[in-house]
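Please read the structure below before turning to the comments.
The values are calculated or read from the model by the stated rules, or taken from the named source; none is laboratory data. Bear in mind the structure is a predicted one, so any value in this text is a computation, not a measurement. A quick note on method: Cβ atoms are made from the backbone with ideal geometry, for glycine too, and the neighbour counts reach across all protein chains shown. Side chains included, ligands, DNA and RNA excluded: accessible areas come from the protein's heavy atoms. Shrake-Rupley method; radii C 1.70, N 1.55, O 1.52, S 1.80 Å.
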Amino acid sequence: MRRHITRWLLALVLLGITNAARAEMVEVAPGVTVTKKTFPARMDEQPFYGFSEKTPEQQKTDADFLAASDEMGSREAVSAAAIERGWAHMDRGDLSEAAKRFNQAWLLAPERSEIYQGFAVITAARFGDLEYAEELFKIALRQPKPRRTLKADYGRLLLKAKRPAEAKTILEEGVRDAPEFADGWVSLGLARLQTDDAAGACAAAGEANKLKLSRGAMIDLVLLKRQGACP
């Protein structure tokens, strides 16, 4: 009986390994593939429209949108505008609308780094899938025209994943890329604090204090100062 149970458990483990190995990959831009993942939300509120098969009506809507963008002169320019609208919605905490704008940008110029960064932030913040978010961040790092806050956002994800040493390394680069981004300094302070660098943490807190903070960063800064015993 015990031998039978052991074989059954081994079969389940092997089945799990096989299924993981068969995770479907989808090309979302020339030379760019991602894991096919869906989340409990409307298709246009998920990364890559949730990989849904669109109806003829939806396909026509997409075609009309692309044609209208061409008439405006440049898909690249319309994509850039959609991306900025996406980040504006993100700043207001409206992740649903942000995803819609990033999906539009993806239709227009799927190779742009900022699209993958936006999808990564939404995946982590709304759906709580840190592993998939990291996959998207790594793609964003390889793609053209990265946003200056990319490494700060990626480092924040690594902090959430309880990997402060890795977070610290990339956040040090992040504050060099975007020294005016207060949230990046706060995240760096937390990473330094969690890697036993209290003095460095307080120095980062001091830099953040000089800049405009998001609501979340304000809360984290208070925590950082308290835990680091910063003056």
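Taking helices (runs of 4 or more DSSP H) as the structural unit, those lying wholly within the range 13-124 and holding at least 3 residues that are within 25 Å of LYS151 (Cα to Cα) correspond to 75-91, 95-108.
Return yes or no: is LEU190 aliphatic (A, V, I, L, M), out of contact with any strand residue (DSSP E or B) (no Cβ under 7 Å at 6 or more places or on another chain), in a helix (DSSP H, G or I) and closer than 20 Å to GLY128 by Cβ? Lay out the reasoning, then the answer.
Values: aliphatic (A, V, I, L, M): yes; out of contact with any strand residue (DSSP E or B) (no Cβ under 7 Å at 6 or more places or on another chain): yes; in a helix (DSSP H, G or I): yes; closer than 20 Å to GLY128 by Cβ: yes.
Against the criterion (aliphatic (A, V, I, L, M), out of contact with any strand residue (DSSP E or B) (no Cβ under 7 Å at 6 or more places or on another chain), in a helix (DSSP H, G or I) and closer than 20 Å to GLY128 by Cβ), LEU190 qualifies.
Hey, among ALA167, ALA191, ALA217, ALA205, which residue is at pLDDT below 95, touching a helix residue (DSSP H, G or I) at 6+ places or on another chain (Cβ under 6 Å) and buried (at least 20 other Cβ atoms within 10 Å of the Cβ)? Before you say what the answer is, go through the steps one by one.
Working: ALA167 fails: at pLDDT below 95; ALA191 fails: at pLDDT below 95; ALA205 fails: at pLDDT below 95.
Testing whether each residue is at pLDDT below 95, touching a helix residue (DSSP H, G or I) at 6+ places or on another chain (Cβ under 6 Å) and buried (at least 20 other Cβ atoms within 10 Å of the Cβ) leaves just ALA217.
For the range 139-163, filtered to residues that are over 17 Å from ALA178 (Cβ atoms) and outside any helix (DSSP H, G or I), the residue that is most open to solvent (accessible area, probe 1.4 Å) is LYS162. The residue list ALA109, ALA133, ALA167 contains one member that is touching a Leu at 6+ places or on another chain (Cβ under 6 Å), within 26 Å of ALA81 (Cβ to Cβ) and of a type in the set (A, V, I, L, M), which is ALA133. Residue-level analysis places GLY86 outside the set of residues that are open to solvent by less than 90 Å² (accessible area, probe 1.4 Å) and at pLDDT below 90.
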